[in-house]
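Student: Handing you this structure, nothing more for now.
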Amino acid sequence: MAAAAGPEIERLIALLAKLPGLGPRSARRAALQLLKKREQLLIPLAAAMDETARKVVSCSVCAAPDTRDPCSICSDPHRDNGLICVVEEAGALWAMERSGAFRGKYHVMGGLLSALDGVGPEDLRVAELVGRARAGNQGSGDGGAVREVVLALPATVDGQTTAHYLAERLAGTGVEVTSLARGVPVGGDLDWLDDGTIVQALRARRPA
Ligand code: ZN
């Protein structure tokens, strides 16, 4: 059977199928929905994608996507310059921002070290991070000095390998390197936790 939908629609489906979480089947359903909701969905989505493609750039300081460079977080004078939170991708940055609990700056690594996938330090923004940590810490402590780098990387093998490596690379810069605590999630029932989480939570226990 030839492509039933015509080349334009087939191309749309093929592109949608490359999105995370969408296989060919769900891409086909998504495309159908877009075509059915032409005015409410297809046209505004196309416009939003076009605008994003034209206007959004990667921040030259932290690599977060934004319409301005430096991004709105890097150029916010009310945020703490002395604190840098290191994340794998912008998704983690957005999650931190949603929490409203972090008032420092960020550094998006752009991935994790992985021997299996052949990702080395030169593929990530390691040198840029070390450079930021060094800035202001080598000479007299001028205003912009970084005091602490918080590693907020995934609790996976690659995440922890990357965290270890970064801690080593940052060791000579004079900044304190910390990482997010691991443990029982808010609202989490011990019954449902995996062993690794329970072990980490027990290790990270503190006075009640
Ligand atoms: Zn930035």
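Student: May I ask you to list the residues in the stretch 15-56 that are in contact (Cβ under 8 Å) with a residue 12 or more places away in the chain, surrounded by 15 or more Cβ atoms within 10 Å (Cβ to Cβ) and more than 23 Å from the chain's Cα centre (by Cα)?
Tutor: Result: ALA27, ARG28, ALA30, ALA31, LEU34.
Student: Kindly list the number of the only condition in (1) buried (at least 16 other Cβ atoms within 10 Å of the Cβ); (2) within 16 Å of the ligand (Cβ to nearest atom) that fails for ASP69.
Tutor: (1)
Student: I'm trying to understand the selection: among the residues of the stretch 55-74, which are small (Gly, Ala, Ser) and in contact with a Lys or Arg (Cβ under 7 Å, 6 or more places away or on another chain)?
Tutor: Within the stretch 55-74, just ALA63 meets the criteria.
Yes or no, residue by residue, for (1) within 19 Å of ALA95 (Cβ to Cβ); (2) among the charged types (D, E, K, R); (3) in contact with a Gly (Cβ under 7 Å, 6 or more places away or on another chain):
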| position | (1), (2), (3) |
| --- | --- |
| LEU153 | yes, no, yes |
| ASP158 | yes, yes, no |
| THR162 | yes, no, no |
| ARG169 | no, yes, no |
| GLY183 | yes, no, no |
| GLY187 | yes, no, no |
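Student: Another one. Among the residues in the stretch 32-43, are any under 30 Å from GLY174 (Cβ atoms), at pLDDT 95 or above and outside any helix (DSSP H, G or I)?
Tutor: no
Student: Looking at LEU12, is it surrounded by 13 or more Cβ atoms within 10 Å (Cβ to Cβ), more than 14 Å from the ligand (Cβ to nearest atom), free of Cβ contacts under 8 Å to residues at least 60 places away in the same chain and farther than 26 Å from MET109 by Cα?
Tutor: Yes; evaluated as a whole, the condition is true for this residue.
The values are calculated or read from the model by the stated rules, or taken from the named source; none is laboratory data. Treat the numbers as computed from the prediction; the structure is a model and nothing was measured. Every residue, glycine among them, receives a Cβ derived from its backbone with ideal geometry; neighbour counts consider all protein chains shown.
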